[in-house]
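Notes follow once the structure below has been shown.
The values are calculated or read from the model by the stated rules, or taken from the named source; none is laboratory data. This is a predicted model, so every value here is computed, not measured. We place every Cβ from the backbone using ideal geometry, glycine too, and count neighbours over all the protein chains shown.
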């Protein structure tokens, strides 16, 4: 198991707006958005861990001491050509969530909404940072890493978290599951990344996480909006 503690000093305002469900034209205080991002930077404690396992594309099996078969056409197709998988978990801890809860209790709804969205942007950025490390290490081993794909995406059942979380090493970061297989702390992510031979042509070419535009969960607030407003804090 490998553990990483990325330093996050900036967040994209466009991402925070998106996770808050706000359009660029939304009439609210820009100062509140900037304040939420600054506060989030101070409250988050980004950390991540990952493990790498052999993967058999034909049987869709991850080879661990207790082999895991991946169920779902989307995840199976996603890993076409993979010979290994990296399974990761990231979290920003609970401090930000506790402040969001306090703000809601104080009826500071806008501040709570923006801080919560900033936390989501931060945990996604933490996952992206981990993927960059995995990509670098995979390249040194002669492999190419693809996108990340999380339980609950497409037809990959969210209940798969019960198998994926332990394989990621996430419990060492204090990440647990509810009875409904939701991650705790809430601002946490698990994902699988396919590792492909350099000569393979079937691996995903985009090295960021999979575009929300290809997911059938149209009501998900994490769906990306097309925007050119990528102002950084």
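Of the residues 54, 65, the single one that is touching a residue at least 24 places away in the same chain (Cβ under 8 Å), more than 17 Å from the chain's Cα centre (by Cα) and surrounded by fewer than 20 Cβ atoms within 10 Å (Cβ to Cβ) is 54. Among the residues of the range 178-200, the one identified as surrounded by fewer than 19 Cβ atoms within 10 Å (Cβ to Cβ), outside any loop (DSSP other than H, G, I, E, B) and under 17 Å from the mean Cα position of the chain (by Cα) is 184. Could you tell me whether the range 83-104 includes any residue that is part of a loop (DSSP other than H, G, I, E, B) and surrounded by fewer than 15 Cβ atoms within 10 Å (Cβ to Cβ)? Checked the range 83-104: no residue is part of a loop (DSSP other than H, G, I, E, B) and surrounded by fewer than 15 Cβ atoms within 10 Å (Cβ to Cβ). For residue 74, the conditions (1) more than 30 Å from residue 141 (Cα to Cα); (2) touching a residue at least 24 places away in the same chain (Cβ under 8 Å); (3) part of a helix (DSSP H, G or I) all hold with the exception of (1). For the range 203-217, the condition of being in contact with a helix residue (DSSP H, G or I) (Cβ under 7 Å, 6 or more places away or on another chain) and at pLDDT 95 or above holds for none of the residues.
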